[in-house]
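Written out below as structure tokens is the structure these notes cover.
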Amino acid sequence: MVVRIFFSNYVFRMSTNHSFLCFFFVCISVLYSFTYADECVKKSSCVCEFSNGTGIDLTPSAKPTFYDARIYEVRKDGQQFALNTYFYHPCFDAVPSLNATLVNNTCTEALSLCRHVNTLDRTNDTTGKIFQFDSGIYEYMGTSNNTEFSADGSSIIYHNGPSSTIVLLVCAEGEDKLYVYSVTEPNKIVLSFYSRYACLRQIEEPGRSFGSTILIIFFSFVVFYLVLGICTKKFLMGATGIEVIPNLGFWTDLPNLVKDGWAFMINGFRLPARGAGPATSPDPNSYDSI
């Protein structure tokens, strides 16, 4: 049975085998292209992995206590100073050892991120005090069960309602440290966590990747196709020499088909202009002429 494929009004007459081969090659190309869209897939709250087995694993950085970082802010045109202390516990949630007697304390449950805000207000009372101290508030900022990794594995995003906190993962030797990177956006605080465990490393033993599997399937199919086709044409059809190659006509004409397709595309998906000549019936550009 002959399958007629109409591409840019060029008629390519192929056998059913030809159509199947083209479909298979297209599928292989599409699947293989996905191997280049690699991203660090989340495995747990502090582990993500690329398709080649490398990734980020912060598990060894977890400890009983919280990491902390501080930053000062000047508010109200210099009339108020705020000391913000951020507490971070990677990988799993824990209950911070904080002042539980404070009224405005939302960090009493197990969590990964919390902020303590102390304020100093300038005063001019008669006692001679320059600043009035406020014991501050504790603010919940996120848990380990509501996180996601960036595609390149360079940060972890902790979601907290309309707000989010980004923890940048910085590969560094020495003691693990937490720093404040940016507080310019109140609803998107950015912290940076310096650790040797934030470095890219092998998460699992290297194995066969998805792209390798696709290539193995592809070349196995090619070998099977050639062996079966050659045996069929040689022993059942009596072909000799180059004629034993299966679908020889298709492979011989393939460069011309590709050339015609490119020419059609470069021409703006329009047929090339035909010169003046005797009228034909039907029109050679029409579907009825096939």
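Summarising the label geometry, the points placed 7 Å from Cα in the beta-carbon direction at N104 and D38 lie 4.8 nm from one another.
If all Cα-Cα distances of region 137-204 are sorted into 10 Å bins from 0 onward, what percent lands in each bin, rounded to whole numbers? Calculated over all Cα pairs of region 137-204, the distribution is 20, 49, 26, 4, 0 percent.
Taking 0.36 nm per residue of sequence separation and subtracting the Cα-Cα distance, how much length would be gained by fully extending the chain between T232 and N247, in nm to one decimal?
Extending this stretch completely gives an extra 4.3 nm.
Residues whose amide H falls under 5 Å from that of Y181, counting only those 5 or more places apart or on a different chain, are V190, L191, S192, with hydrogens built in the peptide plane. FRET efficiency for the pair S51 and S150, taken as 1/(1 + (r/R0)^6) with r the Cβ-Cβ distance and R0 = 25 Å, rounds to 0.95.
Coordinate-derived values only; no laboratory data. The structure displayed is predicted, hence computed values, not measured ones. Cβ coordinates were reconstructed from backbone atoms using ideal geometry, including for glycine residues, and neighbour counts include every protein chain displayed.
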